[in-house]
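S.K.: Below: one structure in structure tokens.
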Amino acid sequence: MIKILRSAMSILAESMTIPPAQVPRVPIPPNGVDYRGKIVLAPMVRSGELPSRLLALKYGADLVWGPETIDRSIIGATRRVNARNGTIEFTRMPSNGGRVDHASRESVIYRIDPVREKGKLVFQMGTACPDLAVQAAKTVAGDVWGIDVNSGCPKPFSTSGGMGAALLRTPDKLVSILEALVREVGEPYKIGISVKIRILETPELTEALVSRLVRTGITGLTVHCRTTPMRPRERAIRHQLRMVADVCHKAGVACVMNGDVTSRDHGLKLMEEFGVDGAMIAVAAEANSSCFRSEADGGLAPWRDVVYEYLKFCIESENRFGNTKYLLNMLIPGKKKEFGEAKQSKTYTDVCRRLKFDDLIPLALQADEILELTHRQELGEGQTSSKAIQHAKENNESARAAGGGSTRPPKSNLSAAHNVGPIRTSSFPQPAKADKPAFEQVTTVDPSIPAAEHAQQPSVAA
Ligand SMILES: Cc1cc2nc3c(=O)[nH]c(=O)nc-3n(C[C@H](O)[C@H](O)[C@H](O)COP(=O)(O)O)c2cc1C
């Protein structure tokens, strides 16, 4: 009798197990990304600006997350194409005592390379409100391939506003944000919506939360394997990972793991071990982005090679010099004499000379001119500038005036000056700009700090 019962139960169990081929999958929208099988660059405030993302892609990252950008700081930003390098810049004028005459003082909130980041860039936002989340997402939805909600940042500036890890304690709010994004941005723009969480104190709590999140229509979930109180230096804990992956998979959602993944090969091994779909790397990539290159393809590159490539991307992208120096400090090993030298540098030309990257100097000179690094030193604040700068600015002004008007996607080179519309137009329910609120509604942005830091000036490890 017992035997019969056992075999009946095992037949029943077998019939309830879904064969791998039939595991449900939330469909990946036509303009979205599939996170499965991917080793990706983590969102990192300061360290995740465009040049770092290009560096990660160069060394083999499959997808890149941009730094967390607070919803209010991108809402109402002006979208323009930088006529010199083809990048898309979301900018705004800071409040500067009513002076609006100084184009160079515009703050670039977010910068995208429409060619090299095509199909690979996920925009991450900090938000605590479905309406603001939707407005912010619509601002960039035509130019990115996914929108991610940061639900893991433990810093008080974030949690006190109900954002980041605070959302883990307010699942109703987090669910309503994700549902609004799926409905009002994901569906019309045909891109995926995802969320990045931390684990909670017990597997039961995490399971209850993840079970709700995967039913919102999201296509991916990243789990940072640390609890909110855990510091970045504490080792990631992975005992909840398989359970999170299982919950995701039952709902057809891809699960990306994060926490102490050190390289592509390591990530692939962990994916297999824990049954997750992808792996996300943060600090290892901050230290040397060639961690995305597998051993078979050469593995970690020497720091000088990485720094050279990084500087080239910074110069091409006209990256804010303060941000460039910040990451140079991460990329150059502290004991090297070049570390101190790079720290002393005040311009791109200076840093290229000190590091003996002579072939970059002509480009560095131009970047210094455009960013007014030399002129600020020579002329003092508020004064401009050579004919070259004026000319460059005029070019940009006319590109901006035409911004959004083109119906063509950019060509496959960096000279996208004439392709100034959103990257994708085919799936647009309406122009991305239509929903933008009046400029005055937006919080003021200090041009001296990068995008996401406007709301989070202390350094962040979400
Ligand atoms: C400098 C820095 C900035 C970070 N900024 C963000 C962020 O903007 N959004 C986010 O979700 N996580 C952020 N994080 C957390 C990372 O994305 C990642 O979850 C964490 O570092 C764990 O991964 P790791 O062990 O590979 O470093 C940041 C981490 C660092 C080191």
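S.K.: For a distance above 27 Å, tell me the whole-number percent of Cα pairs in the stretch 202-341 that qualify.
M.R.: Tail of P(r) above 27 Å: 36 percent of Cα pairs.
S.K.: Quick one: order 49, 309 by neighbouring beta-carbon count within 10 Å, fewest to most. Don't skip to the answer; put the middle values down first.
M.R.: Details: 49 27, 309 19.
Ranked by crowding around the Cβ, least crowded first: 309, 49.
S.K.: Going highest first, how would you order 205-218, 64-77 by mean Cβ packing within 10 Å?
M.R.: Going by the mean number of other Cβ atoms within 10 Å, highest first, we get 64-77, 205-218.
S.K.: Between residue 250 and residue 208, what is the label-point separation in nm under the 7 Å Cα-to-beta-carbon projection?
M.R.: 1.6
S.K.: To continue, here is another question. Say the cut-off is 30 Å between C-alpha atoms; which of 38/337; 120/269; 173/250 go over it?
M.R.: From the list (38/337; 120/269; 173/250), the Cα-Cα distance tops 30 Å for 38/337.
S.K.: Per the Kirkwood treatment, what hydrodynamic radius in Å, one decimal, follows for the stretch 21-297 from the mean inverse distance over all distinct Cα pairs?
M.R.: Averaging 1/r across every pair of different Cα atoms and inverting gives 18.8 Å.
Since every read-out is calculated from the coordinates, none of them should be taken as a lab result. Just so you know, these numbers come straight off a predicted model, no measurement behind them. Cβ coordinates were reconstructed from backbone atoms using ideal geometry, including for glycine residues, and neighbour counts include every protein chain displayed.
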